Amino acid sequence: MQSVQAAVNKCVGELGGIDFLIAGAAGNFLAPINQLSPNAFKSVIDIDVLGSYNTLKATLPALVASAQKHKSDGKKACPDGTGGRIIFVSATIHYTTTPLQVHVSVAKAGIDALSATTALELGPRGITSNVIAPGPIGGTEGMDRLSRKEDLEKAMKGVPLGRYGTVKDIADATVYLFGDAGNFVNGSVLVVDGAAWRTGAVNAGAGFEYPDFLLEEKTVSGVKGLKQSKL
């Protein structure tokens with residue numbers, strides 16, 4: 001916490017304030033519960049949740065001052081731009097749960113709760129707090145460290161838009177939340193994953209592999225639950 005506070009003080013001293021905060025602390029590795037020690041679990045909670053909380057606490061005075069300086073009535077943009085904006089970087093894996101990721105799932109659920117509470121408590125002071133939940137972003141360290149190359153092409157089929165995300169996709173979401181267009185967005189989770197998290201069960205039925213079955217316009221067969229011809 002002391003090193004974070006020192007960095008904040010230096011930033012305020014040299015630049016005059018802090019208008020935007022991105023709390024993106026993250027630690028990850030793959031491990032099932034029976035191979036995950038309490039210390040390993042705690043390390044991810046400390047990095048993700050406590051790291052984000054410490055950063056929030058250290059920057060709040062500067063962010064509140066910025067929010068008051070950049071007030072907007074929603075009718076016209078503040079001539080001094082925007083300020084007092086917070087983005088927490090989370091994930092989508094805890095929405096439906098993911099094997100080998102219990103530590104990260106718990107941590108990211110905590111991040112979501114931290115952002116939501118911040119929005120409630122600090123909204124009256126002009127602060128906006130939101131979450132960006134990225135999906136698989138190609139060419140990033142997370143993809144390189146946590147995915148096998150031979151699995152990447154198959155996994156891409158689980159993204160309805162047919163591609164992995166890019167750093168630009170996340171940057172564009174950040175610009176939206178930090179810009180004038182995001183003035184009234186508070187306490188929200190912006191999922192940027194091409195709808196990937198919603199496809200968790202789409203391949204559960206044998207023979208109906210997503211998205212091939214849809215793109216090839218096949219007719220469902222081999223199951224009792226078929227549409228009646230007159231419908």
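The values are calculated or read from the model by the stated rules, or taken from the named source; none is laboratory data. Bear in mind that the values here come from a model prediction, so they are computed numbers and not experimental data. Note that we place each Cβ from the backbone using ideal geometry, even for glycine, and neighbour counts take in every protein chain shown. SASA here: full protein model, heavy atoms, side chains in, ligands and nucleic acids out. Shrake-Rupley method; radii C 1.70, N 1.55, O 1.52, S 1.80 Å.
The loop-placed trypsin sites (Lys or Arg not before Pro) in the stretch 64-106, going by DSSP, that have at most 10 neighbouring Cβ atoms within 10 Å of their Cβ come out as LYS75, LYS76.
Rg then Dmax, both in Å and based on the Cα atoms of the stretch 1-59: 15.0, 49. Of the labelled figures (i) 32, 22, 13; (ii) 39, 23, 15; (iii) 25, 21, 18, only one reflects semi-axes √(5λ) of the Cα gyration tensor in Å as derived from the coordinates, namely (ii). Taking amide H positions as modeled 1.01 Å from N, with prolines and chain starts lacking one, the residues under 5 Å from GLY27 and 5 or more places away or on another chain are ASP48. Extents of the stretch 1-101, taken as max minus min of Cα coordinates on every principal axis and listed largest first, are 55, 34, 14 Å. Quarter the surface of the alpha carbon convex hull of the stretch 58-176 and you get the mean projected area, 9.6 square nanometres. Have a look at ILE47, ILE111, ILE132 and tell me which one the Gaussian network model of the chain (Cα, springs below 10 Å) gives the largest fluctuation. Answer for the Gaussian network model of the chain: ILE47. Packing-based ranking of 164-175, 57-68, 10-21 yields 57-68, 164-175, 10-21, ordered from highest to lowest mean Cβ neighbour count within 10 Å. With all protein chains kept in place, the per residue accessible area of the stretch 72-171 amounts to 54 square angstrom at a probe of 1.4 angstrom.
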